[in-house]
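For reference, the structure discussed in these notes is given below.
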Amino acid sequence: MTTAPAKAGWRFRQPSVIPGFGLTLGFSLAYLTLIILIPLSGLIWRSAALGWTDFWAIATDRRTINALQISFGTAFVAAAVNVVFGTIVAWVLVRYNFPGRRIVDAMVDLPFALPTAVAGIALTTLYAPNGWLGSLLAPLGIKVAYTPLGIVIALIFIGLPFVVRTVQPIMEEIDKEVEEVAATLGANRFQTISRVLLPGLAPAIVTGFALAFARGVGEYGSVIFIAGNLPYKSEIAPLLIVIRLEEYNYAAATAIAAIMLALSFVMLLVINLVQTWSRKRYG
């Protein structure tokens, strides 16, 4: 006599040969709570204590809006530039062998190791009106230092490795035979890149864009020197938060930080939705 197998019910997790799921899950949740959730909750609680009227007055202040526009606008432009040139750099490093290739590959990670303040001082020295590059651009009417253009250049510098290191591993998995097959079927180089290579790289490119954009929005050290910190012209939101803290205006500082948090969350959510769509579409 045989008994019917018990109906499989809903399981919280699938059985695993590796023990310790409960311990690792508890540690992960505790770490996430202590490092991320509690500080963010404190920020939101402090901002909520202002009241809607005061919060709205700070959020709609002309200086606050201008600083947010500069921070998010320059970060978006820098991330978009890094998507193009970062993908090209990754392509060169993966597809070509040339003298000094390993040196170039190591230099890509330089912004990770270099202190951001050092990067800001170096860029300011180069692009100041009396700097090596700034003195060459000044006769052409191009001013880089102490303008939003200088902020974009600084963010391009610190954001490039995120795109390169995200796209490079995916590009290494694409066999050269795929390009050769496309060529034998009559595709030109542009068609091979746009219809064969880019669809497979799209999720990684979107991820690199999101990482570079997120880093650029909150960047402080490499920007404050080259930006010039001129209100309504080249003042970024992180610097405005520091200014409010130095004025002991903690309410305004937390309100601006909460606005940055909300805007960053919304934009990263949209980017993640696009990334999910691209993965489902292109694999």
Condition check for Gly73: open to solvent by less than 60 Å² (accessible area, probe 1.4 Å) and touching a helix residue (DSSP H, G or I) at 6+ places or on another chain (Cβ under 9 Å): yes
Every residue from segment 27-48 that is surrounded by 11 or more Cβ atoms within 10 Å (Cβ to Cβ), more than 15 Å from Ile259 (Cβ to Cβ) and of a type in the set (Gly, Ala, Ser): Ser41, Gly42
Test set (1) farther than 21 Å from Asn229 by Cβ; (2) of a type outside the set (Val, Ile, Thr); (3) in contact (Cβ under 8 Å) with a residue 60 or more places away in the chain - Asp175 fails condition number: (3)
Residues of segment 223-240 satisfying the condition of being open to solvent by less than 30 Å² (accessible area, probe 1.4 Å) and in a helix (DSSP H, G or I): Val223, Ile226, Ala227, Ala237, Pro238, Leu239, Leu240
Count of segment 252-283 residues which are farther than 24 Å from Ser222 by Cβ and either modelled with pLDDT under 85 or open to solvent by 50 Å² or more (accessible area, probe 1.4 Å) (or both): 16
Residue tally, condition out of contact with any Leu (no Cβ under 9 Å at 6 or more places or on another chain), within 19 Å of Leu43 (Cα to Cα) and not small (Gly, Ala, Ser), over segment 224-267: 14
Some residue of segment 87-96 being surrounded by fewer than 15 Cβ atoms within 10 Å (Cβ to Cβ), more than 24 Å from the chain's Cα centre (by Cα) and closer than 29 Å to Val206 by Cβ: yes
Residue match in segment 229-239 (condition: within 19 Å of the chain's Cα centre (by Cα) and under 21 Å from Val108 (Cβ atoms)): no
Selected residue (only one of Tyr127, Tyr220 is open to solvent by 70 Å² or more (accessible area, probe 1.4 Å) and at pLDDT 85 or above): Tyr220
Test result for Ile103, farther than 16 Å from Pro148 by Cα, surrounded by 14 or more Cβ atoms within 10 Å (Cβ to Cβ) and at pLDDT below 95: no
Meets criteria (part of a helix (DSSP H, G or I) and either modelled with pLDDT of 90 or more or over 30 Å from Met171 (Cβ atoms) (or both)) for Ala8: no
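The values are calculated or read from the model by the stated rules, or taken from the named source; none is laboratory data. Small disclaimer: the values here were computed from a predicted structure and weren't measured. For neighbour counting, all protein chains shown are included, and Cβ atoms are generated from backbone atoms with ideal geometry for every residue, glycine included. Heads up: the accessible areas ignore ligands, DNA and RNA and are worked out on the full protein's heavy atoms, side chains in. Shrake-Rupley method; radii C 1.70, N 1.55, O 1.52, S 1.80 Å.
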